[in-house]
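Below you'll find the structure, written out as structure tokens, and then a few comments.
The values are calculated or read from the model by the stated rules, or taken from the named source; none is laboratory data. Owing to the predicted nature of the structure, the values given are computational and were not obtained by experimental measurement. In this analysis, Cβ positions are derived from the backbone assuming ideal geometry, glycine residues included, and neighbour counts consider all displayed protein chains.
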Amino acid sequence: MKEKLCLVTGVGEGTGAAIVRRFASDGYTVAMLSRDQERLRTYESEHPQAVAFPCDLEDLQALGQTIEQVQVELGNPTVIIHNAVRATFDRLLDSDPSELERNFRVNTTSLLYLAKAFVPTMLEQGSGSIIATGNTAAFRGVPTYALFAPTKAAQRIFLESLARDFGPQGIHVAYVNIDAVIDVPWTRDRFASDKPDEFFITPHSIADEVFHIAHQPRDAWSFNVELRPYAERW
């Protein structure tokens with residue numbers, strides 16, 4: 001059992017990788033979950049305290065097996081960061097209804113699986129943190145979010161249920177609403193060179209805030225946390 005063990009889902013080139021680096025730099029062993037095995041092996045070589053667990057969260061049976069593997073190899077995490085996301089940006093009449101269920105599986109059901117597996121140990125210890133990174137889709141629906149926003153709203157309200165249930169027992173649950181475009185290469189390409197740096201939020205800044213939330217003192221816990229660049233209009 002690792003004394004400081006963090007599990008991070010959705011370890012991609014941006015926020016996920018930054019969260020891994022932030023927790024590893026503080027002495028955490030980090031269990032990294034992602035579909036991209038090659039990327040995970042690269043991060044594993046860069047951070048000796050990071051351990052790769054390739055897994056597609058859409059495959060709930062595989063997720064269950066991965067959870068068991070983490071428990072056998074590392075133990076039960078003291079911090080869970082659910083950063084994985086699956087999104088479909090189609091209007092209703094142009095959409096495939098099956099995409100809603102697939103989005104829901106990655107964004108919400110997999111989070112339930114993680115909580116179900118690891119909350120019992122957190123309750124025994126009387127401590128732990130569960131945090132999900134989200135966005136404004138959890139709070140509002142727009143035409144192209146018809147198959148995405150419901151899954152993010154469910155994700156947030158699921159965590160609120162956990163916060164109200166387990167917070168008084170020492171488990172800190174929080175939802176991070178990232179109201180911004182995250183600064184990674186593909187978003188730079190998509191939004192082109194006419195956008196200034198102030199338009200983006202950096203993965204490093206998100207990771208620092210997630211780390212802070214996971215370590216807030218018990219007399220000042222947050223649940224809904226909003227992050228946005230100072231120039232963002234809201």
Legend entry - Number of the exception - Leu123 against (1) within 19 Å of Val85 (Cβ to Cβ); (2) over 19 Å from the mean Cα position of the chain (by Cα); (3) not small (Gly, Ala, Ser): (1)
Inset, instruction - Within segment 91-113, work out how many residues are assigned to a helix (DSSP H, G or I) and either among the small types (Gly, Ala, Ser) or in contact (Cβ under 8 Å) with a residue 40 or more places away in the chain (or both). - result: 16
Legend entry - The listed residue being closer than 25 Å to Asp94 by Cβ and touching a strand residue (DSSP E or B) at 6+ places or on another chain (Cβ under 7 Å), out of Asn107, Asn135: Asn135
Inset, instruction - Among the helices (runs of 4 or more DSSP H) lying completely within segment 141-234, list those that include at least 2 residues that are among the acidic types (Asp, Glu). - result: 149-166, 203-214
Legend entry - segment 100-109, subset charged (D, E, K, R) and surrounded by 14 or more Cβ atoms within 10 Å (Cβ to Cβ), residue nearest to Ile67 (Cα to Cα): Arg105
Legend entry - Output for segment 154-179, where each listed residue is surrounded by 18 or more Cβ atoms within 10 Å (Cβ to Cβ), more than 26 Å from Phe89 (Cβ to Cβ) and not hydrophobic (A, V, I, L, M, F, W, C): His172
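Results for (1) over 27 Å from Val51 (Cα atoms); (2) crowded, with 18+ Cβ neighbours inside 10 Å; (3) under 17 Å from the mean Cα position of the chain (by Cα), shown as yes or no for each residue.
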position: Ile80; (1), (2), (3): no, yes, yes
position: Asn83; (1), (2), (3): no, yes, yes
position: Asp94; (1), (2), (3): yes, no, no
position: Ser98; (1), (2), (3): yes, no, no
position: Leu111; (1), (2), (3): no, yes, yes
position: Gly134; (1), (2), (3): no, yes, yes
position: Gly141; (1), (2), (3): yes, no, no
position: Leu147; (1), (2), (3): yes, yes, no
position: Lys152; (1), (2), (3): yes, yes, yes
Inset, instruction - Please state which of the following conditions Ile182 fails to meet, knowing it meets all the rest: (1) under 15 Å from the mean Cα position of the chain (by Cα); (2) surrounded by fewer than 16 Cβ atoms within 10 Å (Cβ to Cβ). - result: (2)
Inset, instruction - Please work out if Tyr28 is aromatic (Phe, Trp, Tyr) and either within 16 Å of the chain's Cα centre (by Cα) or closer than 20 Å to His215 by Cα (or both). - result: yes
Legend entry - Inter-residue pairs, beta-carbon under 7 Å, first farther than 15 Å from Ile130 by Cβ and in segment 212-226, second in a loop (DSSP other than H, G, I, E, B) and of a type outside the set (S, T, N, Q), 6+ apart: Glu226/Asp179
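Which of the residues belonging to segment 114-132 are in a helix (DSSP H, G or I) and surrounded by 15 or more Cβ atoms within 10 Å (Cβ to Cβ)?
Applying the first criterion (in a helix (DSSP H, G or I)) to segment 114-132 yields 114-125.
Listed by number, the residues that qualify are Leu114, Ala115, Ala117, Phe118, Val119, Thr121, Met122.
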Inset, instruction - Of the numbered conditions (1) at pLDDT 95 or above; (2) not in a loop (DSSP other than H, G, I, E, B), Val85 fails exactly one; give the number of that condition. - result: (2)
Legend entry - Extreme residue, surrounded by the fewest Cβ atoms within 10 Å (Cβ to Cβ), among residues of segment 185-213 that are of a type in the set (A, V, I, L, M, F, W, C) and in contact with a helix residue (DSSP H, G or I) (Cβ under 8 Å, 6 or more places away or on another chain): Phe191
